[in-house]
1. Just one of the numbered conditions (1) of a type outside the set (Val, Ile, Thr); (2) closer than 22 Å to Ser128 by Cα; (3) in contact with a Leu (Cβ under 6 Å, 6 or more places away or on another chain) is not true of Asp99; which one?
2. Among the residues of the stretch 145-165 satisfying the criterion of being in contact with an Asp or Glu (Cβ under 9 Å, 6 or more places away or on another chain) and surrounded by fewer than 17 Cβ atoms within 10 Å (Cβ to Cβ), which is farthest from Asp38 (Cα to Cα)?
3. Sort out which residues of the stretch 73-91 are over 16 Å from the mean Cα position of the chain (by Cα) and of a type in the set (Gly, Ala, Ser), and write them in order of number.
4. Taking the criterion of being surrounded by 20 or more Cβ atoms within 10 Å (Cβ to Cβ) and farther than 16 Å from Leu78 by Cβ, would at least one residue in the stretch 117-129 satisfy it?
5. Being within 16 Å of the ligand (Cβ to nearest atom), aliphatic (A, V, I, L, M) and either in the same structural domain as Ser12 (by TED's automatic domain parsing) or under 30 Å from Pro53 (Cβ atoms) (or both) is the requirement here; does Leu151 meet it?
6. Please give the strands (runs of 3 or more DSSP E) falling wholly within the stretch 35-122 in which 2 or more residues are away from the ligand (no atom under 16 Å from the Cβ) and over 21 Å from Lys144 (Cα atoms).
7. Name the pairs whose Cβ atoms lie under 6 Å apart, with the first residue in the stretch 106-132 and more than 17 Å from Asn91 (Cα to Cα) and among the charged types (D, E, K, R), the second part of a helix (DSSP H, G or I) and within 16 Å of the ligand (Cβ to nearest atom), and 6 or more positions between them or separate chains?
8. Just name the residue that is nearest to Leu149 (Cα to Cα) out of those in the stretch 1-34 that are of a type in the set (D, E, K, R) and in a strand (DSSP E or B).
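The values are calculated or read from the model by the stated rules, or taken from the named source; none is laboratory data. Not measured: the values here are computed from a predicted model. No Cβ is skipped: glycine too gets one built from the backbone with ideal geometry, and neighbour counts run over all protein chains shown.
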Amino acid sequence: MEPHRVLVLNRSFEPLRVCDVRRAIVLLFTGRAERVEDTADLMRSPSIAIFVPSVIRLQRFIRRPLNHTLSFNKKNILKRDWYTCNYCGRNSGERMTIDHVIPRSLGGKTIWENVVSACRSCNTRKGSRTPQQAGMRLLRKPVKPISALYLTILAQSARHLHVWEKYLPAKAVRSLKGNGNSQEVYTCNGDVQSPLSLS
Ligand SMILES: [Zn+2]
């Protein structure tokens, strides 16, 4: 099972980074952070039992780290897509491939909005076709992450998103959920259009 991760907020409640539970406990027990949200899981030692934190807030305001450039590369595309296949939802780890939603042979561009991580079998099954032509559906609409910081935070949010999302900018969460509109249809010119009528 994926280990717990803890969202660290600045004193101003702005998200700063993600840390592991051990680091969060140290920050809490040394008084450098306070609990904001706990998970329902208990952590026990011989003398103490505490709830595993999910969100903590630093007591001192610290300057935000420089926002590193958001690079467009395979590693970051996999990160954005939680290392899961955007067609079947399976997690094939590092063996994941990158699929052009609109194939390059049909004019699809190599941009954030047209590439998704895909397992080898879905990629092979789809071939040089659009999802519609292949009878396949994207689980999430691919969008460009709003920053390198949020890409890193969201990549580690998989099992915590329901708790963390209220501390993250709505735009960042929308980018992860792909606007939650799986009904969108990709057309062959690389644009994304909503179906005229679904009802
Ligand atoms: Zn797949």
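1. It is condition (3) that Asp99 fails.
2. Ala158
3. Step one: of the stretch 73-91, the residues over 16 Å from the mean Cα position of the chain (by Cα) are 88.
Answer for the stretch 73-91, where residues must be over 16 Å from the mean Cα position of the chain (by Cα) and of a type in the set (Gly, Ala, Ser): there is none.
4. Keep residues of the stretch 117-129 that are surrounded by 20 or more Cβ atoms within 10 Å (Cβ to Cβ), which gives 117-119, 122, 126.
Next, from what is left, pick out any that are farther than 16 Å from Leu78 by Cβ: 126.
Yes.
5. no
6. Details: elements: 49-58, 97-100, 115-118.
Fully inside the stretch 35-122 and qualifying: 49-58.
7. Lys126/Ala134
8. Let us first name the residues in the stretch 1-34 that are of a type in the set (D, E, K, R), namely 2, 5, 11, 14, 17, 20, 22-23, 32, 34.
Next cut, in a strand (DSSP E or B) only: 5, 17, 20, 34.
Details: Arg5: 16, Arg17: 8, Asp20: 17, Glu34: 22 Å.
Among them, the one singled out is Arg17.
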